[in-house]
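What follows is calculated from the coordinates using simple rules that are stated; it is not laboratory data. Since this is a predicted model, take the numbers as computed values, not measurements. Here Cβ is always computed from backbone atoms with ideal geometry, including for glycine, and neighbour counts include all displayed protein chains.
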Amino acid sequence: MVTTVFAIFTIFWTTETMTVARIALAVFFILCATAVWDYVKTEHVPPALTGAAALGAAAWVFSGIAALFATSTAALAITAGVGFLIMGVCELYGGLKVRAEFIPSRDHVILGVVGTLTGVGLFVGVGLDPHGILGISGTGVIIMAVLLLISAAGLTHESRKPQ
């Protein structure tokens, strides 16, 4: 839900203020890191994915905190880019490592690729204004939100089938 709210926010927010961009990215990173941690510490998630995703969640917490203190758009783009890139690589690695034993691993692989590309996009767009930074971040998060919603619907449907 956090990804969906952030994605919608980045679509409809048009004011180009650094304060809004810093706070939005910080809230996104910290809330999503908390959600990722709550998810991977369950007994259903294999330990190999737990370790990788925990590292990515830690990167998101640090990126969220750093985003609050970014003094320029370039610093904000780099901070967000590092967060997305590290989490993307961690999810990609973790998803590939557990693909034989964990059905949702394909979702983690796709999320990892999208996160990595979002991070690279932010590095390329380092000269953009705050709206552009939110636009690149939001585009990646929109894709993530759609994937997560489809995955949740599919897993919910599968869990309701008689065994």
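The loop-placed trypsin sites (Lys or Arg not before Pro) in the range 82-162, going by DSSP, that have at most 15 neighbouring Cβ atoms within 10 Å of their Cβ come out as ARG99, ARG160. Helices assigned as whole DSSP H runs in the chain whose Cα atoms extend at least 20 Å along their own long axis and whose mean Kyte-Doolittle hydropathy is -1.0 or higher are found at 18-40, 47-68, 73-97, 105-124, 130-159.
Measuring spread by the Cα atoms of the chain yields a radius of gyration and Dmax of 15.7, 55 Å. Only helices enter this figure: runs of n ≥ 4 DSSP H residues, each worth -39500 (n - 2.57), summed and divided by the residues of the chain, yield -28000 deg cm²/dmol at 222 nm to the nearest 500.
Based on Cα contacts under 8 Å between residues 6+ apart, the range 2-153 shows a relative contact order of 29 percent. Shown for ILE78, ILE11: other C-beta atoms within 10 Å of each C-beta, ranked fewest to most, produce the order ILE11, ILE78.
Please identify which residues in the range 2-21 have an amide N closer than 15 Å to a label point set 7 Å out from the Cα of ALA75, following the Cα→Cβ vector. Correct set: 18-21. Relative to the Cα centre, the charge distribution of the chain, modelled as +1 at Lys and Arg Cβ and -1 at Asp and Glu Cβ, gives a dipole magnitude of about 200 debye.
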